[in-house]
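Just so it is clear, none of the values below were taken in a lab; they were calculated from the coordinates. Given the structure is predicted, the values throughout are model-derived calculations rather than measurements. Note that we place each Cβ from the backbone using ideal geometry, even for glycine, and neighbour counts take in every protein chain shown.
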Amino acid sequence: MRKVSSGTKTADTVFHVATGIAASSPVVLLLAIAAVVVVQSIPSIRLMGWHFITGIEWNVGDTYGALMHKNGVTAAAGASFGALPFIVGTLASSVIALLIAIPVALFTALILAYRLRGWVQWILSILVELLAGIPSVVIGLWGMVVLAPFVAHGLGPALTHVGVVIPYLRGPVGTGMGLLTSGIVLAVMVVPIITATTRDLLQQVPVLYREGGIGLGMTTWEVVRYIAVPYIREGFIGAVALGWGRAMGETMAVLMVSGNAINFLPHNLYSPISSMAAVIASQLDSAMSDGSGMAVHALSELALVLLVLTLFTNLLARLLVSRVHHRRRGVRA
Amino acid sequence: MSQPISVQNLRAWYGNQLTLKGIDMELPASQVTAIIGPSGCGKSTFIRCLNRMHETVPGARVEGDVHLGTEDLYKGDPVDVRRMIGMVFQKPNPFPTLSIFDNIALGLRLGGMRNRGQLREAVERSLQMAALWGEVKDRLSEPATSLSGGQQQRLCIARAIAVQPEVLLMDEPASALDPVSTLRVEELVEQLKDTYTIVIVTHNMQQAARVADETAFFLNGELVEFADTTTIFTNPGDKRTEDYITGRFG
Ligand SMILES: Nc1ncnc2c1ncn2[C@@H]1O[C@H](COP(=O)(O)OP(=O)(O)O)[C@@H](O)[C@H]1O
Ligand SMILES: [Mg+2]
């Protein structure tokens, strides 16, 4: 029998410790971030209570004047932090992004996975990956310079005609900076993420199953519709959740095209909005000058809400996925 | 009424590799024709040319003529060809996300059958023919994948015959099955041959001897010998056939 040298034993111990640290780091990081955000939010939670998520007035108050004491905490006089417009802005813009992105991504992925071959497929696949890597400021810039004018003068006026039947599509269209433009910009960022994942999933559908449909005389579309897409459904839901999280957390691009609405809710599809992420980024600087510190606490609470929402969508997606799994238990590929 | 298949100078490629080197063959109607031969000789490729599955493989190509009765199968839409010529694969491949019932009903629905009662009847009839009805009639809404391998394969047979094709192609349909399931599939072939022209690939010579009326021996992409099964197994005309069936190679 070979003798184990003490050097090997030490290496083994180091390996065990290292893997232990590596394995626990996601949990530790998540807890650490959550802890900071929660602790920082507490004063704001005490000040505003539920009004934080139901109120629409966001006002740091008179930061050079007297301090106000309320609910056991101190804030600048006249301060009020109602985040509903930002919550609605984040949800509405990201949902619009998904409504656009899901069909586009699914269709593109189908073409990439099943229709194209050889170098055409290769080039288009690379393009999708490249699109995913474009910095969000660049997409934001495109949104300001190209997309916003197009929404203001082309797409918006066209959609207002449909507005006769769907009230939210009614004008005025405004400057083009707003909800619809934010949604489209987010869609541009989310499409490559969903497309790349979905393409990989589709390529993993066993040929044997697709041939079962082809051999039965199904058309290409029918094979996709009845065999491939149901087969990847779980993974697809996961990909959409990933994209949704990305869209809700996106900061810069939305900041650039949202129109920076404060203190009102979006009233139609073209209305200026603000998202939680964008507000945190744009307000933090001035919040620092609030001597009571309350403005920073309020932004922390905004971060907390954002964190909870993204975690929630991720969990919801997992839950859906596991329910589908459950229904299909016993599937042996 | 089922029809014969006539194959003329059929050649098939994967990329640049010529895999079928000019096959001429007349497969009689309402009979079982077995294709035998060593692994890699082109049996699967051959029957996949009969329902135009071969061309769905990236880079694959076919030349030559295949007629079903008087109809040229390589003119027109391959989807129509595959509706006329059903296929059962080597590994059972029921639609994994669908129930037992829907596995069979899907093809019928896509073919235009909407009436629920009609669908139920057709599903039951196909399952009866595939000798599976008794085992699944109380669990039609369960996933097809909850069935055993042998049951899944019979479900695939039911799925193929539900749409009433004229020909049934079977590519080693029992090779992944246990002996009992294999026997059931063979019995099934026996019963179905009155209604369908059946082409069955097998590398099991006893199976060919048991189920087939005619047998074709393939070697290296060529048809070496094609005759009635008894002749092939008792009095082959070609030395290579004799070597193969006496187990000298393959
Ligand atoms: N998808 C494919 N791509 C490339 N070559 C293939 C493919 N399928 C089969 N071949 C080749 O074609 C030849 C015949 O294969 P096949 O028809 O499957 O033989 P059999 O069914 O008689 O075992 C073999 O040499 C095999 O390697
Ligand atoms: Mg084969």
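Amide H contacts under 5 Å for residue B:224: B:217, B:218, B:219, restricted to partners 5 or more places along the chain or on a different chain, H placed in the peptide plane at 1.01 Å from N. At 1.002 mPa s and 20 °C, plugging the Kirkwood radius over alpha-carbon pairs of segment B:134-173 into Stokes-Einstein gives what diffusion coefficient in µm²/s? In µm²/s, the coefficient rounds to 190. Using only Cα coordinates, the Kirkwood hydrodynamic radius of segment B:5-245 works out to 18.4 Å.
The alpha carbon radius of gyration of segment A:206-291, expressed as a multiple of 2.2 N^0.38 Å, is 1.88.
Residue B:137: net charge of surrounding residues, Cβ under 14 Å, Lys/Arg +1, Asp/Glu -1, itself excluded?
So the environment of residue B:137 carries a net charge of -1.
Size descriptors for chain A (Cα atoms only): Rg and Dmax, in that order, 24.7, 86 Å. Take the Cβ atoms of residue A:137 and residue A:204, set R0 to 51 Å, and the FRET efficiency comes out at 0.90. Spatially close Lys pairs in the protein assembly as shown, defined by Cα atoms under 25 Å apart and a spacing of eight or more places or different chains, total 10. Fully extending the segment from residue A:119 to residue A:53 would add 18.6 nm, taking 0.36 nm per residue of separation and subtracting the current Cα-Cα distance.
Within segment B:95-111, find all residues whose amide N lies under 15 Å from a label point positioned 7 Å from the Cα of residue A:221 along Cα-to-beta-carbon. Counting backbone N atoms under 15 Å from the label point, the list is B:110-111. Loop-located trypsin sites (Lys or Arg not before Pro) in segment B:122-186 (DSSP state not H, G, I, E or B) with no more than 14 neighbouring Cβ atoms inside 10 Å: B:137, B:139.
Gyration tensor over the Cα atoms of segment A:239-282: the corresponding equivalent ellipsoid has semi-axes (square roots of 5 times the eigenvalues, largest first) of 20, 13, 8 Å.
What the phi angles of segment A:33-48 give under the Karplus curve with 6.51, -1.76 and 1.60, with θ = phi - 60°, is a coupling list of 5, 4, 4, 4, 4, 5, 4, 5, 7, 3, x, 5, 4, 5, 5, 9 Hz, glycine and proline written as x. Amide H contacts for residue B:200 (H built 1.01 Å from N in the peptide plane; partners 5 or more residues away or on another chain; cut-off under 5 Å): B:33, B:34, B:35, B:170. FRET efficiency for the residue B:8 to residue B:183 pair, using the beta carbon distance and R₀ = 41 Å, is estimated at 0.70.
Legend: calculated FRET efficiency, residue A:77 to residue A:264, from the Cβ-Cβ distance at R0 = 22 Å, rounded to 0.05, equals 0.45. Label positions at residue A:285 and residue A:5, each projected 7 Å from the Cα along the C-beta direction, are separated by 6.0 nm.
Compactness check for segment B:102-203: Cα Rg over 2.2 N^0.38 Å is 1.04. Calculated on the alpha-carbon coordinates, the convex hull of segment A:6-80 measures out at 134 cubic angstrom per residue. Note on segment A:49-200: Cα-only Rg and Dmax are 21.3, 71 Å.
The mean number of partner chain beta-carbon atoms within 10 angstrom of a residue's beta-carbon across peptide B:94-103 is 4. Orientation-averaged projection of the protein assembly as shown equals 40.4 nm² [convex hull of Cα atoms, one quarter of hull surface area]. The equivalent ellipsoid that matches the C-alpha gyration tensor of segment B:1-111 spans semi-axes of 25, 18, 15 angstrom, in descending order. Between A:302, A:98, A:130, the residue with the greatest mean-square fluctuation in the GNM of chain A (Cα pairs under 10 Å linked by springs) is A:130.
Taken along the Cα-to-beta-carbon direction at a fixed 7 Å, the label points for residue B:17 and residue B:109 span 3.9 nm.
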